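J.: Okay, here's the structure, questions in a sec.
Please treat every number below as a calculation from the coordinates, not as lab data. Owing to the predicted nature of the structure, the values given are computational and were not obtained by experimental measurement. Note that we place each Cβ from the backbone using ideal geometry, even for glycine, and neighbour counts take in every protein chain shown.
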Amino acid sequence: MWRFLLLQAARLALGLVGAVLLAACVAALAAEGAQSGAGAYFSALLAQLNAFAHLDFGTSIISGIPALGELGLRLPVTLELVGLGAIVALVLGGPLGILLGTERPLRAAAPLLQIVAATPVFVASLALLWLAANVLHWPDMTFPVFADRGDLDSTVRVLALPVLTVGAAGAAAIQLALRRATAEAMDEPYRRGLRLMGLSTLEINRVYLLPQVLTGLCRSFGDIALALFAAAAVAEWVFGWPGAAVLFLKSVALHDWHVAALVLFVFAAIKFLADFAGELGAEALSARSAAT
């Protein structure tokens, strides 16, 4: 177990080092004359790595405040959106993925579901916005700041569409991971042997199938996190959320490289941490399953 833990910790450390190097490569573009040649860019890159080592992440050319301060204002907004979307994703994608993996008649419908799930998040969010405005007759759903949390109705309306957009994208990733893991577990040859030994299908699924399915889900944590944050960027853009995900898009568009680099590093770090947590969870479930 310790060897596995050290190996995963080393992978996490290497991933974070790579994220730092990538962020430095982006931030170096902000240096004056960095794009004039390879030598100038390499010098700017070394200077940027030195600045990162001293926890100097530069200043936003748009707002004029430190990039770290800009991220500190925006990141909680994105984390709240992603957190609520993850709950919706688990509620929607969890049962659907298991059903599509266990029920053979439903397995045939899985490709059709994937076609629906492949609908671009931007298109889905615009459809939700049109539905809210023209069918539900909700007021303008875009806003620069959070709604007054004392007004429950206003809060629900403001949160509903962006959270549903992110949740739907996350549900697609979750159901795909669960469907693959469940379908693989259902086809394992040991199931027939266990049934011949007198074990019921419910007991087999509880003792053997469920840990294997959860193990597959854990190993997909990084992909699910990417799906949630990618959808958050679209939702924040469409619905006017002042989060870090849309901040990255705007920073790249406006060449605010210091901010773009910092946001990129944070999102990459979250992905690597999700992979790390998922691998540890999968290993713990595998060890527990083997013990039983």
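J.: Would the stretch 1-81 count as rounded, prolate or oblate if I go by the C-alpha gyration tensor, calling it rounded below 1.5 in a/c and otherwise prolate when a/b exceeds b/c, oblate otherwise?
T.: Details: a/c = 2.93, a/b = 1.30, b/c = 2.26.
In terms of gyration-tensor shape, oblate.
J.: Arranged by the count of other C-beta atoms within 10 angstrom, fewest first, what order do Val266, Val234 take? Write down the numbers at each step before the final one.
T.: Details: Val266 18, Val234 23.
If I rank by nearby Cβ atoms, fewest first, I get Val266, Val234.
J.: So what's the gap between the Cα centers of the stretch 220-257 and the stretch 78-99, to the nearest angstrom?
T.: The distance from the Cα centre of the stretch 220-257 to that of the stretch 78-99 comes to 18 Å.
J.: Can you figure out the FRET efficiency of Ile65 with Ile87, using R₀ = 30 Å and their beta-carbon distance, to the nearest 0.05? Each step should come with its number before you reach the end.
T.: Details: r = 32 Å, r/R0 = 1.07.
The calculated FRET efficiency here is 0.40.
J.: Continuing with this model, one more query. Using the Cα gyration tensor of the stretch 211-263, with a ≥ b ≥ c the square roots of its eigenvalues, what is the shape: rounded (a/c below 1.5), prolate (a/b larger than b/c) or oblate (neither)? List each step's numbers first, then the result.
T.: Details: a/c = 4.72, a/b = 2.27, b/c = 2.08.
Prolate.
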